[in-house]
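S.K.: Here it is: the structure, laid out below.
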Amino acid sequence: MTDNTDIPEIDEQPFLDATAEAKSKFGRFNLAIIGSSGVGKSSLVNAVFGRDWAKVGKGLPVTRGVQYFNDDSLGIWDVEGFEIGSQVPPAEQLRVHLDTISKSPKLQQISVVWYCVKANDDRLTPADIAMIRELDAQSLPVILVLTKVDWIKNPITGQHGVAKGVEKFVEWLNEPVDPQTDLPIDIPYRSVILTSTQDKHGKGKGHGLGELVAETLALSPDNEKDAFRIAQRLNLPWKRELARPVIAAATTAAAGAAAVPVPIADAAILAPIQLGMMARIATIYDLEIKTMMSAGALAQVGAQLAGRALASSMLKLIPGAGSVMNAGVAGALTAATGEGWMRLCEQVHTGKLDVDKVNNSWSDFVPGFLDVIRKMAEQKLAK
């Protein structure tokens, strides 16, 4: 049993400051999703971003036909398709909506548009074409998303294909012609992505979502790409790419803090550096440490982050080290802690670990002796 009297008091402020700094740095990615009711917009949001409409903050009814949902990392503009029976032309309807959106704060401005049409509709209506042209006229990149595609598995090759009707729809989209005149028409979308969030039996992981995520990132403004990487839930390597520089920076800072070797008893000086690192990594995985861990658990983490027990064990094996922690040990401890925390965040992020069980699971990810030795060896090889 842990002796609570030996747990140093850990200041949460570095962790709170780092969380706020990371959220401010990465900002919010704003996506407009346009399509009629029943086209599958909410299913797409849930599949790509891991959020239900009701859980993406509170829906703000901006005007008739437009709602804005948001949390820290993601904003969703839900725009209904053309209102049948309206006397206002579709492009003009949309223009009014976009004008309303343009008057919103900078943090809410649209980056990319998903224009959603059910694949079995077999065509774009004149209203769809007019609205896509209006979006393009306002310099908004449009991905034409065909939803609810029924994918057919070839029993011989194992590959998935689509029905002939959908194939013909895509062929027409690639070279659209007016059915009345047979003349080519311009539909200025950037790409067509065929998607399904489940198979026709309501099971499976869907298809085309990875392609949709990749195309959305490609079309995002450079200064908002990281915000999208954080908001999406399908591509873990993107998140690791963002997390590893955070670990490297904290490792350097910890080594700097111990440039003049410090007594093991004072090793808690590393805790603010490591808590800040943990907060930034949690932000990248779109998690909140304060909702993941109780105050008591954070105190236990603080004791573990101080690294006193592990460092003491290690230093007994290092000739002449005595009872002080040097830069190499401090850096290796921090790097190993960062890698362990990143793995835990991935488990929570992917749903493999229930957020309510993090308090009791952190010990499974705390770096051990071999982890730290490996990091020390890596640091030596890198020099």
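Bear in mind that the values in this text are calculations on the coordinates, not laboratory data. In this text the structure is predicted, and so the values were computed from the model without any measurement. Ideal geometry is used to build each Cβ from the backbone, glycine not excepted, and the neighbour counts take in all protein chains shown.
S.K.: So what J values fall out for region 104-112 if you push phi through Karplus, 6.51 cos²θ - 1.76 cosθ + 1.60 with θ = phi - 60°, rounded to Hz, Gly and Pro as x?
M.R.: 6, x, 4, 5, 10, 6, 5, 9, 9
S.K.: Which order do the peptides 39-45, 28-34 come out in when sorted by mean C-beta neighbours inside 10 angstrom, highest first? Please report the intermediate quantities before stating the final value.
M.R.: Numbers: 39-45: 21.0, 28-34: 23.4.
With the highest mean Cβ count within 10 Å placed first, the list reads 28-34, 39-45.
S.K.: Under the classification rounded if a/c is under 1.5, otherwise prolate if a/b is larger than b/c and oblate if not, where does region 27-231 fall, given a ≥ b ≥ c as square roots of the Cα gyration tensor eigenvalues?
M.R.: Numbers: a/c = 1.71, a/b = 1.16, b/c = 1.48.
Cα axes put region 27-231 in the oblate bin.
S.K.: Using Cβ counts within 10 Å as a stand-in for footprinting exposure, how do I152, I101 rank, fewest first? Kindly include the intermediate steps, with their values, before the conclusion.
M.R.: On the way: I152 13, I101 21.
By the 10 Å Cβ count, ascending, the order reads I152, I101.
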